[in-house]
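Notes to accompany the following structure.
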Amino acid sequence: MKIIRGFKTELKPNNRQRTLFLQHAGCARFAYNWGLEQCLQARENGEKKPSAMDLHKQLCRLKKTEFPWMYESSKCAPQEALRDLDKAFKHFFRRCREGAKGKKGFPRFKSKKNGVGSFRLHGAIRVSETHVQLPRIGPVRLKEHGYLPTSEDVKILSATVSERAGRWFVSLQVEVESQDPPPVKDEPSVVGVDLGLARLATLSDGTTFENPKALESKLRKLRRLQRSLSRKKKGSENRKKAAKRVAKLHWRIANARNDALHKITTHLTRTKSVVVIEDLNVSGMLKNRHLARAIQDVGFCEFRRQLEYKGEWY
């Protein structure tokens, strides 16, 4: 059976490639904001919201006269950004129909203040052990060799390049054959999972997984860096350096949390045939101001999401 998987790894671009990455990310961000503005204008005029294809055709007609600089980037970057905008509106309308509580997630304009962003490419994407070939950019060195599947082994659907804390990453969406989990002896095939704060997960067979407390362990350092950032003059180079230090710490906190969640969910889906978890009302639990930060630090929703898609793989 064919399944779609994602492989993400860090890149080692040179200065020219970093400039191209910034151009593509800026082009995608501009297309997203431009498309959102067109949708808002159509809403004010009482017209039907234009689709991603309609917006792309209109943008292509404007390239020659108003936006000639967009020809320096791949056409996939703005096209995929408009598709993401269309998906954002679909999710917003779905949440409205379902009567979801809280914010419905109406699309908002993107800003460089919240990060460089990302862009998605498709087409002639090739992967070797040491490089990944991207359209309009060329071969880019990989920081980790041998992790990404090569082009000869799998079918590559798309490549998403993103920036986090000054580092560039590529995420490949590939189509591969599903694999059977390795046989495990002397272990029960059905297990119940109790999620908590003191321990991240406690299984019905007595096995426990400790909570890494990724945010709590770095909270003191994070406060110190954020205080240092707030004291810097806005627009100065020192403020930019302080912002990078804060972003880097946030990135490490997220990595520690994701590492623990991936290890637990992979162990459960590869060794158990039935996994039972409780349906937690996380939004209601977050109303307790004494436990809200600790609950968000665990990542209950991410645990369930990983468990569901990994369960389908196996």
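The values are calculated or read from the model by the stated rules, or taken from the named source; none is laboratory data. All values reported here derive from a predicted model rather than from experimental measurement. Cβ placement follows ideal geometry from the backbone for every residue including glycine, while neighbour counts extend to all protein chains displayed. Surface accessibility is based on the protein's heavy atoms, side chains included, excluding ligands, DNA and RNA. Shrake-Rupley method; radii C 1.70, N 1.55, O 1.52, S 1.80 Å.
Surface composition of the chain: carbon and sulfur atoms hold 49% of the protein heavy-atom accessible area at a 1.4 Å probe. Distance between the pseudo-spin-label points of ARG305 and ARG270 (7 Å out from Cα toward the beta carbon): 2.2 nm.
Note on THR9: accessible area is roughly 10 Å² with a 1.4 Å probe, heavy atoms of protein only. The ARG231 and ARG293 beta-carbon pair, evaluated with R₀ = 22 Å, returns a calculated FRET efficiency of approximately 0.35.
Report the local net charge at ILE125: Lys and Arg +1, Asp and Glu -1, summed over other residues whose C-beta lies under 14 Å from its C-beta. Its environment carries a net charge of 0.
With R₀ set to 25 Å, the beta-carbon distance separating LYS57 from ARG126 gives a calculated FRET efficiency near 0.25. Once both labels are positioned 7 Å from their Cα atoms along Cα-to-Cβ, the gap between LYS87 and GLU312 label points is 1.3 nm. Paramagnetic label reach from LYS12 (point 7 Å along Cα→Cβ; backbone nitrogen cut-off under 14 Å): within the stretch 146-174, residues 146-147, 168. Summing Cβ point charges (Lys, Arg +1; Asp, Glu -1) relative to the Cα centre of the stretch 1-69 gives a dipole of roughly 440 debye. Solvent-accessible area per residue in the stretch 86-138 equals 72 Å², computed with a 1.4 angstrom probe and all protein chains kept. Our estimate of slack between LEU286 and ARG239, defined as 0.36 nm per intervening residue step minus the Cα-Cα distance, is 13.7 nm. The gain in end-to-end length when the THR208 to GLU37 segment is fully stretched comes to 56.5 nm, 0.36 nm per residue minus the alpha carbon separation. THR269 sits with roughly 10 Å² accessible to a 1.4 Å probe, with DNA, RNA and ligands left out of the calculation. Taking P(r) over Cα pairs in 20 Å bins from 0, in percent as the quantity of interest, determine which of (i) 29, 56, 15, 0; (ii) 24, 57, 19, 0; (iii) 28, 45, 25, 3 was computed from the displayed structure. It is the one labelled (ii). Extension gain, GLU144-ARG97: 0.36 nm per intervening residue step, less the Cα-Cα distance, totals 12.5 nm.
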